[in-house]
Amino acid sequence: MTANALKILLVENIHPVAKETLMAEGFHVDLITHAPSESELIQLLPKYDVVGIRSKTELTAEVLSKNPHLLTIGCFCIGTNQVNLQSAREKGVPVFNAPHSNTRSVAELVIAEMISLSRQLGDRNTKAHVGDWVKSAEGAKEVRGKTLGIVGYGHIGSQVSVLAEAMGLKVVFFDVVKKLPLGNAVMKSSLEELLKVSDFVTLHVPETPETKDMMGAKEMAQMKKGSYLINASRGTVVVIDALVEFLKSKHIAGCAIDVFPEEPSSNKEKFKSPLQGLANVILTPHIGGSTEEAQYAIGMEVAESFRRYLKIGSSSGAVNFPNVDLPVKHGTSRLLNVHKNEPGVLGEINGLISKAGANIEGQYLSTDDKIGYLVMDVHSSQAQALAADIDKLSRSIRTRLVY
Ligand code: NAI
């Protein structure tokens, strides 16, 4: 099937750049603004080859089994829990998301928070709104020359590092993986080493069993007296009750928290936290990555993943599917096959190739414990017949030609 014939449905008001980009690639794209219910999806999806959703549309096992023809799914957001990934994988459907499109947005928020904390902007703003004039330099400091400790030097942590150095901060970082320092940043050998020297500590680790409660009372006691803590990573990383105690004793001079162990599920639900009402505490409703630019970047990133998978078979970045990243090959056809990863399957496929006398000019295979993803560049005159034969194998899940 050519790109022009493929139909894509984008739901939940996905940024229009995704539609524009995909239409420019020759796909037919329909956009709807709401999150369709399960029954609506079951009705809608038979007309489409691809669906793009955000966080509110649920692609359940039921929806997927009624639509086994779907070629790929895009989550135009970070999380992918709303899709039954296992069921999609078993049907040979790669699911893409956009985990890093909001990196810069989070990094900028952290920089804003460092300055806000060291000038007590949150409290002074609140006071000015109710008529209290608090003009005083006490406790207000520049960030220049201070030390920023970054825990987790990945996409976000390393961006914060670059921005902070540009403002004259010294940067130290700690990561479980040895990372190349950017600029003049210095890697510390342990979390404790970082906490001992940092005026600001900012957390940028993923949610894992190892990072759960990684900033508790013991670690807060290791922080410098009068230092600040920023968490825009995951709510499980900081022990909130311990933080309350360290703020009350003034050992920690302030904090900015964007993520919480329990967060309201919608804007209609009330937010409660033991941190409410404490001095120099900035609380934000998990908005680190929520900017218009990030939405735009997400639209571009997932649209690009669709283009690469649909037109060249590249599955890199798929969260539930073996990753294969391939150069485009000219002068041949490209055959994609997803099969059950069981002993003997490749032998059967190779048997069909030799029976057809097909000339394979390139072959790429990636597997996980359940499925194998095989990409072959075949002489164009032999591709259709070979694809049809391979598709008939009992352990083939799906087979298609991309060009
Ligand atoms: P990333 O995967 O690029 O970087 C994470 C880094 O943490 C990696 O370098 C990893 O080696 C390191 N790490 C893992 N375990 C560690 C440990 N125990 N100690 C020290 N370092 C450790 O992730 P990225 O994109 O930088 O995201 C970081 C966090 O920010 C994630 O938790 C993500 O969910 C969160 N996030 C929050 C947003 C918000 O709206 N507040 C938006 C986007 C991401």
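The values are calculated or read from the model by the stated rules, or taken from the named source; none is laboratory data. It should be emphasised that the depicted structure is a prediction, and the values quoted were computed from it without experimental measurement. Backbone-built Cβ (ideal geometry, glycine too); neighbour counts: all protein chains shown. What goes into the accessible areas is simple: the full protein's heavy atoms, side chains included, and nothing from ligands, DNA or RNA. Shrake-Rupley method; radii C 1.70, N 1.55, O 1.52, S 1.80 Å.
A few comments on the model shown:
- Positive-end residue of 126, 332, 75, charge dipole of the chain with Cβ unit charges: 126
- Peptides ranked, highest mean first, by Cβ atoms within 10 Å: ranges 320-331, 233-244: 233-244, 320-331
- Among 90, 263, 58, the residue with the largest mean-square fluctuation in a Gaussian network model of the chain, with springs joining Cα atoms closer than 10 Å, is 263.
- Theoretical FRET efficiency, 1/(1+(r/R0)^6), r = Cβ-Cβ of residue 262 and residue 177, R0 30 Å, to 0.05: 0.50
- Solvent exposure of region 225-291 as accessible area per residue, Å², 1.4 Å probe: 51 Å²
- For region 126-177, GluC sites (Glu not before Pro) are listed when DSSP marks them as loop and at most 16 other Cβ atoms sit within 10 Å of their Cβ; the list is 138, 142.
- FRET efficiency for residue 368 and residue 133, using Cβ-Cβ distance with R0 set to 51 Å, rounded to 0.05: 0.20
- Hull-based mean projected area of region 1-95, where the convex hull spans the alpha carbons, in square nanometres: 5.4 nm²
- Solvent exposure of region 328-403 as accessible area per residue, Å², 1.4 Å probe: 48 Å²
- Taking 395, 54 and ordering them by how much accessible surface each has at a 1.4 Å probe, largest first, produces 54, 395.
- Links that overshoot a 19 Å alpha carbon limit, given the list 56/311; 225/250; 56/340: 56/311; 56/340
- Computed over protein heavy atoms with a 1.4 Å probe, the carbon and sulfur contribution to the accessible area of the chain reaches 53%.
- In terms of its C-alpha gyration tensor, region 77-188 comes out oblate, because a/c is 1.5 or above while a/b does not outweigh b/c.
- Of 15, 34, the residue with the largest accessible area leads and the full order is 34, 15 (1.4 Å probe).
- Over all projection directions, the Cα-based convex hull of the chain averages an area of 23.2 nm².
- Rounded to the nearest 20 debye, dipole of region 1-137 from Cβ charges on Lys, Arg, Asp, Glu: 320 debye
- Rule-of-thumb Rg ratio for region 103-283 [Cα; 2.2 N^0.38 Å; N residues]: 1.00
- Residues with amide H under 5 Å from that of residue 187, placed H, sequence gap 5 or more: 173
- Degrees, to the nearest 10: 103-118 long Cα axis against longest axis of the chain: 0 degrees
- With θ taken as phi - 60° and the Karplus curve 6.51 cos²θ - 1.76 cosθ + 1.60 applied, the whole-hertz 3J(HN,Hα) list for region 64-80 is 5, 6, 7, 10, x, 7, 4, 8, 7, 10, x, 9, 7, 6, 9, x, 10 Hz, x standing for glycine and proline.
- Dipole size of the chain about its Cα centre, with +1 on Lys/Arg Cβ and -1 on Asp/Glu Cβ: approximately 420 debye, rounded to the nearest 20.
- The distance separating the Cα centre of region 291-360 from that of region 162-234 comes to 39 Å.
- Each helix, a run of at least 4 DSSP H residues, gives -39500 (n - 2.57); summed and divided by the residues of the chain, these come to -10000 deg cm²/dmol at 222 nm.
- Here is the list for region 212-280: GluC sites (Glu not before Pro) lying in DSSP coil, each with at most 13 other C-beta atoms within 10 angstrom of its C-beta, are 262, 269.
- Most mobile listed residue (182, 195, 70) in the chain, GNM with C-alpha springs under 10 Å: 182
- Largest accessible area first, the listed residues 211, 291 line up as 291, 211 when surface is computed with a 1.4 Å probe on the assembled protein chains.
- Long-range amide H partners of residue 230 with built H, under 5 Å: 201, 202, 203, 256
- Simple Cβ-charge dipole of region 103-283, Lys/Arg +1 and Asp/Glu -1, about Cα centre, in debye nearest 20: 440 debye
- Cα gyration tensor category, rounded, prolate or oblate, for region 241-291 with a/c compared to 1.5: prolate
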